[in-house]
Amino acid sequence: MRHVGPLRGEVVVPGAKNSVLKLMAASLLTDGVFEITNVPVIVDVPIMADLLIAIGLDVRLDEPGIITIINTGNLTPVAPFELVERIRASINVLGPLLTRCGHVRLSMPGGDDFGTRPIDMHIAGLEAMGATFRVGDGYVEATAERLHGAEITFDFPSVGATENLLTAAVFAKGVTTIHNAAREPEIIDLCEFLISMGAQIDGAGTSTLVIVGVERDALHACEHETVPDRIQAATYIAACAVSGGELDLLNAKPAHMAMALSRFTDMGIEFAALPYGLRVTAPERLRAADIATLPYPGIATDYKPIIIAMLAVADGVAIVTENLYPGRFRYVEELVRLGADIRIDGHHAIVRGVPRLAGTHVVSHDIRAGAAMVVAGLAAEGMTTITGVHHIDRGYENLVGRLKSVGAEITRYDV
Ligand code: EPU
C-alpha cells in the first residue's frame, strides 16, 4: 500500500458484525423463516452460519446482504469445538438454546489475541434464572427445565452476557430484570429483533432491561435490517483523517458514535450531518487528544487501535487508556516498526505524534489491529505491506475496494 493523496468520495457503511451474528443466533428461538438484511459480506457470517447449520437451522446466504434462516425446530443443542473456536460470537447460542431446548452443550469459547475472555457473568446470570451448569473437558453444559425470571445485577455491563440473558429471558417464567446491562446500539438492535418476534422487552438502550417471559407459541419469525457498523464507519473516518480530503459515509449513524465523534472533533476532524449519513473533512494535521475506552456510551475498545494509528501522526502527546482488555496493545509493536513513537505503561499507551510514518512490512494480529495497520499504512511515506489480512476479512466488508474507490492506493494480493 502506498499513500498518494487525499481521499474523496462516498463510502457505504455496511451492517454491523457485532449485531448480525447475534441476530442469527437469536433465530434459534422460534420456528419459521427469518430474513435479515443489511448483512455485511464478512467471513464471520458464514462461520456463524456453519455453526447454526450444525445445530439444525437451514441458513441461506445466496444473495449478498441478505440471510434467510429457516428454523423447523429440529435442533441439536450442541456446539462443537471446531466451530466454536473460530468465532467468539458462538457463545451467543447459549441463551437461545438453553431456553428453547432445556439443555445445551457448548465448547468453551477461546480468548482472542488480546487476552482471555471469561464467561462467568453469563453462567452466574443463567444460574440465577434456574440453570444448572457443569464445566469440564473444555465444555460447558447447562440444563434447565424452564428458566424463571430473576433480578440480575452485573458488576460490569458485559455485551455478551447481556445478550445471552436477554435471549434466555424471552421464554423464562416471570419477569427478568438486568441491571447494569450493556447499552450498545447492537444490543438495541437485538432487542428490536426480539420484540418484532413477539418478545416483551422494556428499556432497550438503557442500563435496565426488563423482560417479561412469554409462552413459546407467542414468538414468530421476523424480518429485520441490521444496524450499520459504527466501528467500520470510524475506520473510514480514520483513513480520511490521516490522508486528508473529504468523505461522505452513507448509512453512518452519528448518534451511535457520539462520544467518538466528539473526541475526533477535538482532534480537528470536522463533521456535517447528511440526510443519510455523515460528511467527514480531514484537518491539515490531526491534534493529539487523550482517550479512555469504556463500555457504551463511552469510547469502544474496538475503536482504539485505529485511534492510536491516528494519534501516531497527530500533533502533540496523547495518553490512551484501555479499560476493557488490558492486553489489547499488541499491534503497537507494529506501529512502532512504522516509525510511531508509542510507549506502553500498564493499560496506558503514551503516543507522541510524529509528522509521518515510514512504510515497511507489518502484521495484522486481529480484526481491529489489521484495520489500524491499514490506517497507519495510509499515514506512511512509501510502501507498507500488511500480512495476516485474513483477520480484517472477519469484520470488514471489502475494506480494500472501498478505500481504493475513494483514492487510496491499496492492493490486495491473495498468496
Ligand atoms: N468479561 C468477564 N466475564 C464475562 C464476560 C465478560 O470477565 O462473563 C470481561 C471480558 O473478559 C472483557 C470485558 O468483560 O474484559 C468485556 O467483555 P464483553 O462481554 O463486554 O465483550 P464480548 O461480548 O466478549 C463484544 C465484542 C467485542 C468488543 C466487546 C466490548 C462481539 C462478538 N464481540 O465482546 O468485539 O470488543 O464486546 O465492546 O460482539 C471485535 O469486534 O473485534 C471485538 C473484539
V104 in contact (Cβ under 8 Å) with a residue 24 or more places away in the chain, closer than 30 Å to E246 by Cα and open to solvent by less than 10 Å² (accessible area, probe 1.4 Å):
no
Of I350, I367, which residue is touching a His at 6+ places or on another chain (Cβ under 8 Å) and under 27 Å from A318 (Cα atoms)?
I367
Would region 270-283 turn up any residue that is surrounded by 24 or more Cβ atoms within 10 Å (Cβ to Cβ), within 24 Å of E186 (Cα to Cα) and in contact (Cβ under 8 Å) with a residue 24 or more places away in the chain?
yes
In this structure, is V135 at pLDDT below 95 and not in a loop (DSSP other than H, G, I, E, B)?
yes
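What about L28, is it in contact with a helix residue (DSSP H, G or I) (Cβ under 7 Å, 6 or more places away or on another chain), more than 16 Å from the ligand (Cβ to nearest atom) and in a loop (DSSP other than H, G, I, E, B)?
Values: in contact with a helix residue (DSSP H, G or I) (Cβ under 7 Å, 6 or more places away or on another chain): yes; more than 16 Å from the ligand (Cβ to nearest atom): yes; in a loop (DSSP other than H, G, I, E, B): no.
Here the answer is no, as L28 does not meet what is asked.
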Within region 319-347, work out how many residues are open to solvent by 60 Å² or more (accessible area, probe 1.4 Å) and touching a Phe, Trp or Tyr at 6+ places or on another chain (Cβ under 6 Å).
1
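Can you name the residue in region 121-132 that is in a helix (DSSP H, G or I) and of a type in the set (A, V, I, L, M) and, of all such residues, is farthest from the ligand (Cβ to nearest atom)?
A128
Please determine whether any residue of region 276-283 is within 15 Å of the ligand (Cβ to nearest atom), under 29 Å from R8 (Cβ atoms) and β-branched (V, I, T). Explain how you work it out, then say what you get.
From region 276-283, those within 15 Å of the ligand (Cβ to nearest atom) are none; that's our starting set.
No, the conditions are met nowhere in region 276-283.
So in region 290-309, with the set limited to residues that are among the aliphatic types (A, V, I, L, M) and open to solvent by 10 Å² or more (accessible area, probe 1.4 Å), which one is nearest to F156 (Cα to Cα)? Give the steps one after another, and end with the answer.
Of region 290-309, the ones among the aliphatic types (A, V, I, L, M) are 291-292, 294, 299-300, 306-309.
Right, trim to open to solvent by 10 Å² or more (accessible area, probe 1.4 Å) and you get 292, 294, 300.
Working: A292: 16, L294: 11, A300: 14 Å.
Residue satisfying both the conditions and the ranking: L294.
At least 3 residues that are touching an Asp or Glu at 6+ places or on another chain (Cβ under 8 Å), of a type in the set (A, V, I, L, M) and in the same structural domain as K22 (by TED's automatic domain parsing) in each: list the strands (runs of 3 or more DSSP E) lying fully within region 39-111 that qualify.
Details: elements: 58-60, 67-71, 103-107.
Fully inside region 39-111 and qualifying: 67-71.
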Say whether the condition of being out of contact with any Ser or Thr (no Cβ under 7 Å at 6 or more places or on another chain), assigned to a helix (DSSP H, G or I) and either within 16 Å of the ligand (Cβ to nearest atom) or free of Cβ contacts under 8 Å to residues at least 12 places away in the same chain (or both) is met by at least one residue in region 112-120.
yes
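The values are calculated or read from the model by the stated rules, or taken from the named source; none is laboratory data. None of these values were measured; they are calculated from a predicted model. Don't worry about glycine lacking a Cβ; one is built from the backbone with ideal geometry, like all the others, and counts go over all protein chains shown. Areas reflect the complete protein model, heavy atoms only, side chains present, ligands, DNA and RNA absent. Shrake-Rupley method; radii C 1.70, N 1.55, O 1.52, S 1.80 Å.
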